[in-house]
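Engineer: Structure in structure tokens, see below.
The values are calculated or read from the model by the stated rules, or taken from the named source; none is laboratory data. Small disclaimer: the values here were computed from a predicted structure and weren't measured. Neighbour counts run over all protein chains shown; Cβ positions are idealised from the backbone, glycine included. In case anyone asks, the SASA skips ligands and DNA or RNA and just uses the protein heavy atoms, side chains included. Shrake-Rupley method; radii C 1.70, N 1.55, O 1.52, S 1.80 Å.
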Amino acid sequence: MDVLRITTSGSVDDGKSTLIGRLLYDTKSITQDKMEALQAASKRKGLDFTDLSLLTDGLIAEREQGITIDVAHIYFSTPNRKYIIADTPGHFEYTRNMVTGASTAQVSLILIDARKGIVEQTYRHFFIACMLRIPHLVVCINKMDLVEYDEARYNQIVEDFQQLLPGSLYEGKEVKCIPISSLYGENVVTRTEKISWYKGLPLLEFLEEIQFDRNDRNHPARFPIQYVIRPKTEQFHDFRGFAGKIASGSFSVGDTIVSLPNEQKSKIKSIEKFGEQLQDAHAGESVVITLEDEIDISRGNLLVKEGQSQPEGLREVKAQICWMDQNKLTPGKTYLLQHGPTRIKSKVQQITSVTEVTTNRIEEKTEMGLNDIGRIVLKTAQPVFADKYGTNPANGTFILVDEFSNATVAVGFIE
């Protein structure tokens, strides 16, 4: 079964956690003991109904305040596919959590409160979905029960949201808008008479029909080496394999590969996965590759296929970043740039601009603060063999690490 990764976003109290709880409840993905604990927790809060949001709001602070703070990953499945949902925070101060939670998603699910319509956080989350180039966008207009399931109100919000699309990643693409009430399960898993004027699919049925390239055939093959395996045992005396996770594309036995940065060539002799011999392997699979020739390869090298586009060794990296540290970013500071398994010393040459994401206004600034999103230029001590994020997202991202505290201070997308 394939796995569909979804990120939920929206403003505070738009009902993200309740929607996810409803999906779990209606797909019978909650065990009996967890359901009993949920009912007991709801009674302790003085509620006369079962609060499904408590399924995902696991932190004590989250339950006390009724908001999502950290990213929670929720797993459930249907007979057709498996799902991983990242329940990301809605509040501005947790923008960095939202970016990291959405970074691997194939579907961005933005919730809008039917009473409030589009608010500041809607702009922010739409901007982040565009920045991360999430392929599918679904807009859930929630709490329809609080506007008496009014079709005119739904149509007005849909029209307002359509105004955001021109000039964005989603211009000309289908953006699905679905009216729902997550509290009562209206139009979440099954159709409802209360929203009989809506002729489209309910949310889960629509998610079931989304198509995506599970084997990542559209991107060039990239295999960063994480570890060189040399057992030197009697059984595997001369074995030399290269372990890692295929970042993008696919590799097959017999493919001619090029090792970067030394540009040596060889052919793939075998591909192994937990002792099983494979003929080919695809993006997301962790495998061991052996080669026909003894060429110099070590941790941090990148294997690519001959005949496909190859990443350029960048010493000057232009990127869009989300700053994630309390200390401000200023030009001249040095950080460790981690791209895959490789860490390279880098220096911030310039802060090109900072984007005010609610208005999409570009501002010239000399520093970046917590949760700011902007463009910078980095100078690296060694070449970085990365693709542009728009061309190949899996090989176009990096993080910046403070070399003294070892804290992750930024996530970046190469341009």
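Engineer: Under 6 Å between Cβ atoms, at least 6 apart or on separate chains: pull out the pairs that start in the stretch 236-252 with a residue that is in the same structural domain as Glu272 (by TED's automatic domain parsing) and over 19 Å from Glu306 (Cα atoms) and end on any residue that is open to solvent by 50 Å² or more (accessible area, probe 1.4 Å) and among the charged types (D, E, K, R).
Structural biologist: Arg240/Arg230
Engineer: Here's something else I'd like to know. I'd like to check which strands (runs of 3 or more DSSP E) are fully inside the stretch 234-336 and have at least 2 residues that are under 30 Å from Phe127 (Cα atoms).
Structural biologist: Once the strands (runs of 3 or more DSSP E) in the stretch 234-336 are filtered for at least 2 residues that are under 30 Å from Phe127 (Cα atoms), what remains is 313-323.
Engineer: Of the conditions (1) within 25 Å of Leu132 (Cβ to Cβ); (2) surrounded by 14 or more Cβ atoms within 10 Å (Cβ to Cβ); (3) touching a residue at least 40 places away in the same chain (Cβ under 8 Å), Val158 satisfies every one except a single condition; which number is it?
Structural biologist: Of everything listed in (1) within 25 Å of Leu132 (Cβ to Cβ); (2) surrounded by 14 or more Cβ atoms within 10 Å (Cβ to Cβ); (3) touching a residue at least 40 places away in the same chain (Cβ under 8 Å), Val158 misses just condition (3).
Engineer: Can you tell me which of (1) modelled with pLDDT under 95; (2) within 24 Å of Leu24 (Cα to Cα); (3) among the aliphatic types (A, V, I, L, M); (4) buried (at least 17 other Cβ atoms within 10 Å of the Cβ) is the one Ile210 doesn't meet?
Structural biologist: (4)
Engineer: So how many residues does the stretch 253-267 have that are in contact (Cβ under 8 Å) with a residue 24 or more places away in the chain and under 32 Å from the mean Cα position of the chain (by Cα)?
Structural biologist: Counting residues in the stretch 253-267 that are in contact (Cβ under 8 Å) with a residue 24 or more places away in the chain and under 32 Å from the mean Cα position of the chain (by Cα) gives 9.
Engineer: Could you list, in sequence order, all residues of the stretch 291-325 that are open to solvent by less than 10 Å² (accessible area, probe 1.4 Å), in contact with an Asp or Glu (Cβ under 9 Å, 6 or more places away or on another chain) and farther than 30 Å from Ala129 by Cα?
Structural biologist: Passing the criteria: none in range.
Engineer: Pick from Ile178, Ile134: which is within 21 Å of Val357 (Cα to Cα) and in contact with a strand residue (DSSP E or B) (Cβ under 8 Å, 6 or more places away or on another chain)?
Structural biologist: Ile134
Engineer: Given Phe274, Phe242, which one is among the aromatic types (Phe, Trp, Tyr), surrounded by fewer than 16 Cβ atoms within 10 Å (Cβ to Cβ) and under 30 Å from the mean Cα position of the chain (by Cα)?
Structural biologist: Of the residues listed, the single one that is among the aromatic types (Phe, Trp, Tyr), surrounded by fewer than 16 Cβ atoms within 10 Å (Cβ to Cβ) and under 30 Å from the mean Cα position of the chain (by Cα) is Phe274.
Engineer: Is there a residue in the stretch 3-18 that is free of Cβ contacts under 8 Å to residues at least 40 places away in the same chain, open to solvent by 60 Å² or more (accessible area, probe 1.4 Å) and assigned to a loop (DSSP other than H, G, I, E, B)?
Structural biologist: no
Engineer: Also, quick follow-up: Consider Ser196 carefully, then state whether it is over 20 Å from the mean Cα position of the chain (by Cα), farther than 30 Å from Phe385 by Cβ and buried (at least 21 other Cβ atoms within 10 Å of the Cβ).
Structural biologist: So Ser196 does not fit the description; no.
Engineer: A follow-up question, please. Those residues that are open to solvent by 90 Å² or more (accessible area, probe 1.4 Å) and either outside any loop (DSSP other than H, G, I, E, B) or over 16 Å from Met131 (Cα atoms) (or both), I need them from the stretch 161-171; list them, please.
Structural biologist: Gln163
Engineer: Test Glu186 against the criterion of being among the acidic types (Asp, Glu), open to solvent by 30 Å² or more (accessible area, probe 1.4 Å) and more than 24 Å from Gly374 (Cβ to Cβ), and give yes or no.
Structural biologist: For Glu186, the condition - among the acidic types (Asp, Glu), open to solvent by 30 Å² or more (accessible area, probe 1.4 Å) and more than 24 Å from Gly374 (Cβ to Cβ) - is not met.
Engineer: Give the residues of the stretch 122-155 that are among the charged types (D, E, K, R) and either part of a loop (DSSP other than H, G, I, E, B) or open to solvent by 60 Å² or more (accessible area, probe 1.4 Å) (or both), sorted by residue number.
Structural biologist: Arg133, Lys143, Glu148, Asp150, Glu151, Arg153 - these are the residues of the stretch 122-155 that are among the charged types (D, E, K, R) and either part of a loop (DSSP other than H, G, I, E, B) or open to solvent by 60 Å² or more (accessible area, probe 1.4 Å) (or both).
Engineer: Go through the stretch 54-74 and count every residue that is touching a Ser or Thr at 6+ places or on another chain (Cβ under 8 Å) and either modelled with pLDDT of 70 or more or open to solvent by 20 Å² or more (accessible area, probe 1.4 Å) (or both).
Structural biologist: Matching residues across the stretch 54-74 total 6.
Engineer: Run Val139 past the list (1) modelled with pLDDT under 95; (2) closer than 25 Å to Leu4 by Cα; (3) under 22 Å from the mean Cα position of the chain (by Cα) and report the number of the one that doesn't hold.
Structural biologist: Status for Val139: all satisfied but (1).
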